[in-house]
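Enquirer: To start, I am sharing the structure in question, which I have written as structure tokens.
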Amino acid sequence: MNKKKIGFIGFGSMGSMILNGFIDSGSINAGEVVVSNRTLSKLKELEEKYPEIEISEKNTNLAKKCNRIFIFVNTGEVKNVLDEINKYLVKDSHIIHISAGLSLETLEKSFSVKITRVIPSLTSEVKEGVSLVCHNDKVNLEEKKFVEDIFNHISQVKVVGEEDLDISTDLTSCGPAFMALIIKKFADFGADRSGISEKECEEMVLQTLKGTVKLLTEKEMTFDELISRVATKGGITEEGIKSLEKDLPAVFENLFNSTSNKRKNLKEDLNKQYNFN
Ligand SMILES: NC(=O)c1ccc[n+]([C@@H]2O[C@H](COP(=O)([O-])OP(=O)(O)OC[C@H]3O[C@@H](n4cnc5c(N)ncnc54)[C@H](OP(=O)(O)O)[C@@H]3O)[C@@H](O)[C@H]2O)c1
């Protein structure tokens, strides 16, 4: 059978953002896509938007038609999906998954296929941010290029070794949530200590953040240059910077420790699911 189509299993928060992003950006034609999702009704809108897309009621039917298969289901479901489609996987099958904590080594022990891990970011919703990419040894140059090119249409691709994937994930994929909380707390403290509402403080901080990002990106200022331009010697900002320099290392130490512990537990659970310790 000609397996030229590209398969997408799972159309939830990430799956819908990525697939819509690929098609909207023109990196993939809707006509070459087969998509499946546990709850079929969730695909109705997609089907209406792109009538050329093939909806597959079963993951197995999708696997019969596709060598390139993106798996966007919940982490705990990946094994069930792979067990289900395993008999249709061939030497050239290339599985691309996005599940945190599910290593190449874990999957390779059970499934002898080409595997790419991608850690996407919600920021791809606005075609910004970083997608982390990591391939196993079986993936050839052309297959690597295919994945990296299409994710480059919705983000900036950063290829990393798997040993650095966890910390990079904290920075780029968990990052938007961490940054949003830090910014919100900063604004809310301003509201607590003034007569200005939380909403107004959040707006002020958001505009300041937009300007800061522009200085760092469009004007290509370094972080240190920007800080020294604002925190003039003997001034008020300098005192604030000293306070942050003292307190932030412990905050980030705790943050990275907590994500690392959670990941360790998740990996232990996944190892049990994949039957080895
Ligand atoms: N959220 C993030 O920022 C983020 C970032 C990086 C990586 N990830 C990873 O992305 C993965 C998906 O996360 P998500 O936030 O997109 O989850 P989600 O919104 O729950 O989406 C999962 C989708 O998979 C479908 N599904 C589950 N089992 C299936 C099966 N056996 N066959 C076909 N479809 C199936 C679900 O169908 P139903 O419609 O029936 O529920 C749902 O639409 C997770 O592994 C997560 O670790 C998420």
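Enquirer: Can you run down the residue pairs with Cβ atoms below 6 Å, 6 or more apart or on separate chains, where the first is in region 37-49 and closer than 15 Å to S13 by Cα and assigned by TED's automatic domain parsing to the domain that holds F22 and the partner is of a type outside the set (A, V, I, L, M, F, W, C) and at pLDDT 95 or above?
Expert: Between residues of region 37-49 that are closer than 15 Å to S13 by Cα and assigned by TED's automatic domain parsing to the domain that holds F22 and residues that are of a type outside the set (A, V, I, L, M, F, W, C) and at pLDDT 95 or above, the close pairs are L43/N37.
Enquirer: Collect the residues in region 136-174 that are under 26 Å from S110 (Cβ atoms), of a type outside the set (A, V, I, L, M, F, W, C) and part of a helix (DSSP H, G or I), keeping them in residue-number order.
Expert: E142, E143, K144, E148, E162, E163, D164, D166, S168, T169
Enquirer: Tell me which residues, restricted to region 67-76, are in a helix (DSSP H, G or I) and surrounded by 15 or more Cβ atoms within 10 Å (Cβ to Cβ).
Expert: T75
Enquirer: If I filter region 106-113 for residues that are of a type in the set (A, V, I, L, M) and either near the ligand (Cβ under 10 Å from one of its atoms) or at positive phi (or both), do I get at least one hit?
Expert: Taking every residue of region 106-113 in turn, none turns out to be of a type in the set (A, V, I, L, M) and either near the ligand (Cβ under 10 Å from one of its atoms) or at positive phi (or both).
Enquirer: Please list, ordered by residue number, the helices (runs of 4 or more DSSP H) wholly in region 175-277 having 3 or more residues that are within 27 Å of L122 (Cβ to Cβ) and hydrophobic (A, V, I, L, M, F, W, C).
Expert: 175-192, 198-217, 236-273
Enquirer: Continuing with the same structure: Only one of L255, L244, L226 is out of contact with any strand residue (DSSP E or B) (no Cβ under 7 Å at 6 or more places or on another chain) and under 25 Å from L132 (Cα atoms). Can you tell me which?
Expert: L255
Enquirer: Now for a different question. Which is free of Cβ contacts under 8 Å to residues at least 40 places away in the same chain, more than 10 Å from the ligand (Cβ to nearest atom) and either part of a helix (DSSP H, G or I) or surrounded by fewer than 23 Cβ atoms within 10 Å (Cβ to Cβ) (or both), of K87, K64?
Expert: On inspection, the qualifying residue turns out to be K87.
Enquirer: Going through region 30-54 one residue at a time, which ones are surrounded by fewer than 14 Cβ atoms within 10 Å (Cβ to Cβ), within 13 Å of the ligand (Cβ to nearest atom) and outside any helix (DSSP H, G or I)?
Expert: Hit for region 30-54 is T39, nothing else.
Enquirer: Could you please tell me which pairs satisfy a Cβ distance under 9 Å, a separation of 6+ or placement on different chains, a first residue in region 229-242 that is of a type in the set (K, R), and a second residue that is not in a loop (DSSP other than H, G, I, E, B)?
Expert: Between residues of region 229-242 that are of a type in the set (K, R) and residues that are not in a loop (DSSP other than H, G, I, E, B), the close pairs are R229/L215.
Enquirer: Looking at F8, F22, which one is part of a helix (DSSP H, G or I) and within 22 Å of K145 (Cβ to Cβ)?
Expert: That would be F22, the only listed residue that is part of a helix (DSSP H, G or I) and within 22 Å of K145 (Cβ to Cβ).
Enquirer: Another question, then. Which one of the conditions (1) in contact (Cβ under 8 Å) with a residue 24 or more places away in the chain; (2) surrounded by fewer than 16 Cβ atoms within 10 Å (Cβ to Cβ); (3) touching a helix residue (DSSP H, G or I) at 6+ places or on another chain (Cβ under 6 Å) does E198 fail to meet, given that it meets all the rest?
Expert: (1)
The values are calculated or read from the model by the stated rules, or taken from the named source; none is laboratory data. Just so we're clear, the structure is a prediction, and the values are computed from it rather than from any experiment. Every residue, glycine as well, gets a Cβ built from its backbone with ideal geometry; the counts of neighbours run over all protein chains shown.
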